[in-house]
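Chemist: To start, I am sharing the structure in question, which I have written as structure tokens.
Each reported figure results from applying straightforward, stated rules to the coordinates on display, with no laboratory input. Bear in mind the structure is a predicted one, so any value in this text is a computation, not a measurement. Cβ placement follows ideal geometry from the backbone for every residue including glycine, while neighbour counts extend to all protein chains displayed.
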Amino acid sequence: MAKMGIKKRLLIQNLSIITLSILLFLGILISGIYHYYYSGTAEILKNHAENSAQFSKRYMDLSPYTIRDQVQDIQTNFSLPQAETQVISTDGKMLSSSEGFISHERLDFPDIQDAFRKGEGTWMGTNPETDEHVLAVSVPLESDGKTVALLRFVSSLEPLDDNFKTILATLIGIGLSILLMVFVISTFFSRMITDPVVELTRASQKLAKGDLEARMTGTYKDEFHTLSQSFNDMGQELLKTEKLKNEFISSVSHELRTPLTSIKGWGETLLTGDMKDEEEMKTGLNIITNETDRLIAMVEELLDFSRYAKGTFEISPHPFPFHRLVQEVVLQLDKKRLAREMYIVLKNGEPIKPEADEHRIRQVILNLLDNAIKYSAPGSTITIRYHRDHGNLVFEVEDEGVGIEKKHLQQVLTLFYKENEKSEGVGLGLAISKQIIELHGGQLYVRSEKNVGTVAGFTLPLNE
Ligand SMILES: Nc1ncnc2c1ncn2[C@@H]1O[C@H](COP(=O)(O)OP(=O)(O)OP(=O)(O)O)[C@@H](O)[C@H]1O
Ligand SMILES: [Mg+2]
């Protein structure tokens, strides 16, 4: 499983790095200690042997004929406390030993052969007679340039071996403890990585199966904290989208049903009537036409939304007189305004000719003004103003209406958001307007104070 995968990999990675380092370190340390102990001892014996050979050459009158009588002097002069001192004859037989035991066998150790041939020999090995690990150094004793005997020092390496083994065992013990510690710590740290991954896997599997409430509950640090938070945010967003979708469907159905009910009602009324009352016919057909227009506008808005969602929303800009467009929109909504006995003050400044998609900008202004009328009390005043500002056209609609709560201000620009569920409208107007204005390189904004009024406006780059 995935859990074992990462954990194992991290563990193997950590352990192999540490093991290699420990092996390297131990290797260097052990070879250093080995050298210090064994070569050091060999060096001491060698120096002493060489000095003894020099001394005997200079001050002792050795001769092949009297050598047997001189071995006692040699022993007295050159013996060492930590090594057995041997005198060997030129035919390889032991003449004397500081330990008293004299073997009559011909001695044939490598150090003896080397001493005869090269003038000095060192050998480390096991003495077959005593089965002891020894170090032996031999040098020739000379008289008139001729070898008369060999001086040989044999030191037992057993105490050294014991010391060395203890050190080796200690070092290997330390190495193994470090490895064990690394293993425990690595396991702990790799759990810190694998635990959130395992939880994330489970949570995302749940989410994929449609459980939008699935969340990560563990508390993590660093990147995993961010990751689990983003995951939870994602779940939250999905939940919100799901809720929006359902609200949208019910909202759209509701909005479509109102004009359809009215059309159907009037259709039936006219059908059952005698078709002679011209006044009634006119009223009915008028309402049917108006409601159909409302339906068409709504379907247009929905289509815009689907284009917006698909990213195929396009604009075709061309220059047009702005004041004419504003006047047309005001006129278009005049009936609605009059029905609510509201006033519109148009504070237009200089004539401006922006290069923009007139049809789309009309849609935006229509929505802003429509909102201002919809969300204001009868009898109040709406002010429309626009002017040039730093190469931009700034357009604003100000009302004295219900206003928007501060905490909802950001959301009113998102799709389907309505502060009041029951208000007429789908909640697409501002989101689509925002998209239109941003496609023109401008910005749409809403400032509002609850129960005081709202300013909704946009900027449009003029490229003059
Ligand atoms: N001038 C305003 N005063 C108070 N609230 C407003 C104003 N303009 C917008 N709102 C709030 O913002 C919400 C979103 O506005 P938007 O124009 O996007 O949707 P709508 O008018 O409800 O529906 P649609 O425009 O799609 O018919 C509105 O439902 C309303 O709650
Ligand atoms: Mg609107």
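Chemist: Over region 314-464, what is the relative contact order in percent, taking alpha-carbon pairs closer than 8 angstrom and at least six residues apart?
Modeler: It rounds to 24 percent for region 314-464.
Chemist: For region 243-322, what class follows from the C-alpha gyration tensor (a ≥ b ≥ c being the square roots of its eigenvalues): rounded when a/c is under 1.5, otherwise prolate if a/b is larger than b/c, else oblate?
Modeler: Oblate.
Chemist: For the chain, just say rounded, prolate or oblate: build the C-alpha gyration tensor, square-root its eigenvalues into a ≥ b ≥ c, call rounded for a/c under 1.5, and beyond that prolate if a/b exceeds b/c, oblate if not.
Modeler: prolate
Chemist: Sort 345, 197 by Cβ crowding within 10 Å, fewest neighbours at the top.
Modeler: Listed from fewest to most nearby Cβ atoms, that is 345, 197.
Chemist: When only DSSP loop residues count, what GluC sites (Glu not before Pro) in region 262-334 have their Cβ near at most 15 other Cβ atoms within 10 Å?
Modeler: Hits after loop and neighbour filter: 314.
Chemist: Classify region 2-162 from the C-alpha gyration tensor, please: rounded if a/c falls under 1.5, else prolate or oblate depending on whether a/b exceeds b/c.
Modeler: Judged from the Cα gyration tensor, region 2-162 comes out prolate (a/c at least 1.5, a/b above b/c).
Chemist: Let me ask another. Between region 350-418 and region 30-94, how far is it from one alpha carbon centroid to the other, in angstrom?
Modeler: 113 Å
Chemist: Another question about this same structure. Using the 10 angstrom Cβ neighbour count as an exposure proxy, how do 184, 402 rank, fewest first?
Modeler: Listing 184, 402 from fewest to most nearby Cβ atoms yields 184, 402.
Chemist: Sort 364, 329, 71 by Cβ crowding within 10 Å, fewest neighbours at the top.
Modeler: 71, 329, 364
Chemist: Report relative contact order for the chain in percent, whole number only (criteria: Cα-Cα under 8 Å, sequence separation at least 6).
Modeler: Relative contact order here is 10 percent.
Chemist: I need the GluC sites (Glu not before Pro) found in region 62-118, filtered to DSSP loop residues with at most 16 other beta carbons within 10 Å of theirs.
Modeler: When the GluC sites (Glu not before Pro) of region 62-118 are filtered for loop state and at most 16 Cβ neighbours within 10 Å, 99, 105 remain.
Chemist: Now for a different question. Give me the lysines in straight-line cross-link reach of residue 450: C-alpha distance below 20 Å, same-chain residues under 8 apart excluded.
Modeler: Cα-Cα hits under 20 Å: 374, 406, 407, 418, 422.
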